[in-house]
1. For the chain, what does the relative contact order come out to in percent, with C-alpha contacts under 8 Å and a separation of six or more?
2. Excluding residues fewer than 8 places away in the same chain, name every one of the aspartates and glutamates whose C-alpha is closer than 18 Å to that of Lys35.
3. With axes computed from alpha carbons, what is the tilt in degrees of helix 184-197 against the longest principal axis of the chain, rounded to the nearest 10 within 0 to 90?
4. Of Phe106, Phe32, Ala52, which is farthest along the charge dipole of the range 23-109 in the positive direction, counting Lys and Arg as +1 and Asp and Glu as -1 at C-beta?
5. In the range 72-182, with Lys and Arg counted as +1 and Asp and Glu as -1 at Cβ, which of these residues, His90, Ala126, Gly146, has the Cα nearest the positive end of the dipole, that is, farthest along it?
6. At 0.36 nm per residue, and after removing the present C-alpha to C-alpha distance, how many nm does the segment from Ala185 to Arg108 gain when stretched out fully?
7. Using 0.36 nm per residue of separation minus the Cα-Cα distance, give me the extension gain between Glu84 and Glu15 in nm, one decimal.
8. Count the net charge of all other residues whose Cβ sits under 13 Å from the Cβ of Phe106, scoring Lys and Arg as +1 and Asp and Glu as -1.
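The values are calculated or read from the model by the stated rules, or taken from the named source; none is laboratory data. Since we're looking at a predicted model, the values are computed, not measured. All Cβ positions, glycine included, derive from the backbone under ideal geometry; neighbour counts span all protein chains shown. These accessible areas exclude ligands, DNA and RNA; they are computed on the full protein's heavy atoms, side chains included. Shrake-Rupley method; radii C 1.70, N 1.55, O 1.52, S 1.80 Å.
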Amino acid sequence: MGPAPLPGGKQPRTERGRRTLRKLLDAAALEFGEKGFHEASISAITGRAGMALGSFYTYFDSKDALFRALVSDLSTRVGLEAREALSGSHDALGAERAAFGAFFDFARSHQEIYRIIDEAEFVDPASFRQHYESAAQRIHERLQRGVASGELREDLDEASAWAIMGMNVFLGLKYAIWSGGRETADIAGVAGAILEKGIVKR
């Protein structure tokens with residue numbers, strides 16, 4: 001998967017450049033994920049990517065610029081994973097389960113995303129906010145489609161989307177990052193049951 005468009009207009013024009021940028025972003029994700037923003041270094045990132053230190057500046061002006069691009073790239077990739085998971089036919093509840101499963105699998109295979117996004121709150125608050133606002137917007141749009149089709153309650157709004165996102169984020173933290181023994185379908189089923197049935201005994 002190629003990188004998302006870079007903030008700052010340094011998107012490479014050739015396929016070779018896009019591959020190099022992808023390697024750089026992947027190396028940065030590992031370096032920032034392991035060491036955090038302040039301890040990570042450009043030289044270590046380029047070393048992981050197998051490229052010369054000077055080549056870094058073909059794509060980025062600074063470590064901060066790389067970090068901002070990485071947060072944007074991770075956000076875009078999560079959105080693309082969800083979109084791909086929804087490419088088939090789903091009812092409204094099935095769409096939420098599929099989108100959650102895609103996020104959960106991505107988080108499990110890219111565990112550094114949690115540390116990077118958490119650090120973004122302090123390193124680049126605008127990127128941090130954009131990450132969550134774009135995720136909530138995708139959920140809100142799905143909810144509105146479910147309302148329009150008559151499958152979901154008419155009073156679901158933006159706050160409903162944020163509530164669902166909060167559940168998804170913390171289920172991912174617990175079961176994709178901290179303890180990985182449960183299958184994706186199992187955790188997606190837990191989330192789906194809460195959405196479908198609520199928590200009140202009937």
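1. 21 percent
2. Asp26, Asp64, Glu112, Asp118, Glu119, Glu121, Asp124
3. 40 degrees
4. Farthest along the dipole direction, towards plus: Ala52.
5. Going by the charge dipole, the pick is His90.
6. 26.4 nm
7. 22.6 nm
8. Within the 13 Å Cβ shell, the charges total -2.
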